[in-house]
Amino acid sequence: MEILNSSFSDLLVIMFLVGLVVFVSLYFVDAGYGKMRTEKWGPSMNNKAGWLLMECPVFFVVLYEYFKAWGDPTLAPIVQQAPYWIFFLIFEFHYFQRSFIFPFLLKGKSKMPVVIMFLSVLWNLINGYIQGYFLFHIAPKDPYYSHLFTSAWLTDPRFIIGTVIFFIGWIINVHSDHVIRHLRKPGDTNHYLPKKGMYKYVTSANYLGEITEWLGFAILTWSVSGLLFFWFSCCNLVPRANSIYHKYEEEFPDEFDRKKLKRIIPFIY
């Protein structure tokens with residue numbers, strides 16, 4: 001494949017290794033946002049603005065990479081085929097909701113550390129470039145992918161299974177966020193253990209949904225870029241789910257003993 005002969009492969013290797021470092025580090029240092037936010041992470045900003053600013057870059061980078069390919073006479077006839085624009089629409093579907101809907105559904109006056117927002121922007125810029133450049137610039141020129149991603153790909157079991165997994169993950173993710181937002185009634189400041197949906201099985205059901213989505217995306221695109229996204233999502237969210245698990249365990253010890261909850265993978269971890 002062309003990817004193996006380009007500097008792009010170096011970037012992929014670096015990001016796979018960065019993911020490993022993130023995974024190990026987050027078992028020793030809690031990422032300072034959401035339930036784990038502390039003053040030690042420095043200045044904070046409005047949570048809604050933080051989510052919008054950190055999520056929207058990837059939406060626009062992939063948008064740019066896709067339409068840049070449309071403007072290339074050698075790429076346009078290929079990326080205009082159904083598999084490529086479906087990859088584009090599925091990816092942007094997630095990030096439109098995450099960037100322009102989710103932040104405005106958040107309740108309360110929570111804060112987000114500015115440093116977390118900037119680190120997330122950096123990751124999303126890199127990830128957006130990796131996903132967009134690979135799928136819409138490298139894959140169309142690569143003999144393997146250009147042969148694979150024809151209209152026949154839409155009936156391939158990998159595409160069908162991956163798409164189903166992606167949307168199952170999306171539903172879990174969105175529903176879990178809904179459950180968290182409605183744990184408390186207006187004016188209530190008490191803490192509660194979420195119990196609906198996949199929270200019956202894990203303490204980080206929203207993260208379960210997120211990693212399920214990107215597992216599905218990796219399968220439906222059958223791409224190393226999608227695999228990287230799944231890998232990095234696991235490296236970031238699995239140790240964070242561990243931190244949240246222990247926080248809930250301290251707050252609700254009796255319910256934990258009774259429910260036998262897991263962290264992020266039902267019945268396993």
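Overview of results
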| quantity | calculated |
| --- | --- |
| Top-ranked residue in segment 155-213 [being hydroxyl-bearing (Ser, Thr, Tyr) and farther than 23 Å from GLU255 by Cβ; ranked as surrounded by the fewest Cβ atoms within 10 Å (Cβ to Cβ)] | THR155 |
| Counted residues, segment 137-161 - those being among the β-branched types (Val, Ile, Thr) and within 23 Å of the chain's Cα centre (by Cα) | 3 |
| Subset tally (residues that are in contact with a Phe, Trp or Tyr (Cβ under 6 Å, 6 or more places away or on another chain) and closer than 14 Å to LEU215 by Cα) for segment 146-186 | 3 |
| Tally of residues being surrounded by fewer than 19 Cβ atoms within 10 Å (Cβ to Cβ) and among the hydroxyl-bearing types (Ser, Thr, Tyr) across segment 85-116 | 1 |
| Matching entry among SER176, SER243, SER223, SER204 (being hydroxyl-bearing (Ser, Thr, Tyr) and in contact with an Asp or Glu (Cβ under 7 Å, 6 or more places away or on another chain)) | SER243 |
| Of all residues in segment 235-269 being part of a loop (DSSP other than H, G, I, E, B) and at negative phi, the one that is surrounded by the fewest Cβ atoms within 10 Å (Cβ to Cβ) | ILE268 |
| Extreme residue, farthest from PRO266 (Cα to Cα), among residues of segment 187-209 that are part of a loop (DSSP other than H, G, I, E, B) and either in contact with a His (Cβ under 9 Å, 6 or more places away or on another chain) or touching a residue at least 60 places away in the same chain (Cβ under 8 Å) (or both) | HIS191 |
| Cβ-Cβ under 8 Å pairs, at least 6 apart or on other chains, segment 163-186 side under 17 Å from ILE265 (Cβ atoms) and touching a residue at least 24 places away in the same chain (Cβ under 8 Å), far side assigned to a helix (DSSP H, G or I) and of a type in the set (Phe, Trp, Tyr) | GLY169/TRP214; SER176/TYR199 |
| Long-range neighbours under 7 Å by Cβ, at least six apart or interchain, first residue under 18 Å from ASN190 (Cα atoms) within segment 246-269, second in a loop (DSSP other than H, G, I, E, B) | TYR248/LEU193; TYR248/THR203; GLU251/HIS191; PHE252/LEU193; GLU255/LEU193 |
| Residue tally, condition in contact with a Leu (Cβ under 7 Å, 6 or more places away or on another chain) and surrounded by fewer than 16 Cβ atoms within 10 Å (Cβ to Cβ), over segment 68-84 | 1 |
| Among (1) under 16 Å from LEU105 (Cβ atoms); (2) modelled with pLDDT under 95, the one test that ASN190 misses | (1) |
| Checking LEU4 against (1) modelled with pLDDT of 95 or more; (2) surrounded by fewer than 17 Cβ atoms within 10 Å (Cβ to Cβ); (3) over 30 Å from TYR248 (Cβ atoms); (4) not basic (Lys, Arg), the condition it does not meet | (1) |
| Residue in segment 124-136 that is without any contact (Cβ under 8 Å) to a residue 40 or more places away in the chain and either under 30 Å from MET45 (Cβ atoms) or not acidic (Asp, Glu) (or both) present | no |
| Of all residues in segment 53-84 being free of Cβ contacts under 8 Å to residues at least 12 places away in the same chain and among the hydrophobic types (A, V, I, L, M, F, W, C), the one that is farthest from TRP123 (Cα to Cα) | ALA76 |
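Matching residues to (1) part of a helix (DSSP H, G or I); (2) more than 19 Å from the chain's Cα centre (by Cα); (3) at pLDDT below 95:
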{"residue": "TYR66", "(1), (2), (3)": "yes, yes, no"}
{"residue": "TYR84", "(1), (2), (3)": "yes, yes, no"}
{"residue": "PHE91", "(1), (2), (3)": "yes, no, no"}
{"residue": "MET112", "(1), (2), (3)": "no, no, yes"}
{"residue": "ILE130", "(1), (2), (3)": "yes, no, no"}
{"residue": "ILE168", "(1), (2), (3)": "yes, no, no"}
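The values are calculated or read from the model by the stated rules, or taken from the named source; none is laboratory data. The structure presented is a predicted model; accordingly, all values stated were derived computationally and were not measured. We place every Cβ from the backbone using ideal geometry, glycine too, and count neighbours over all the protein chains shown.
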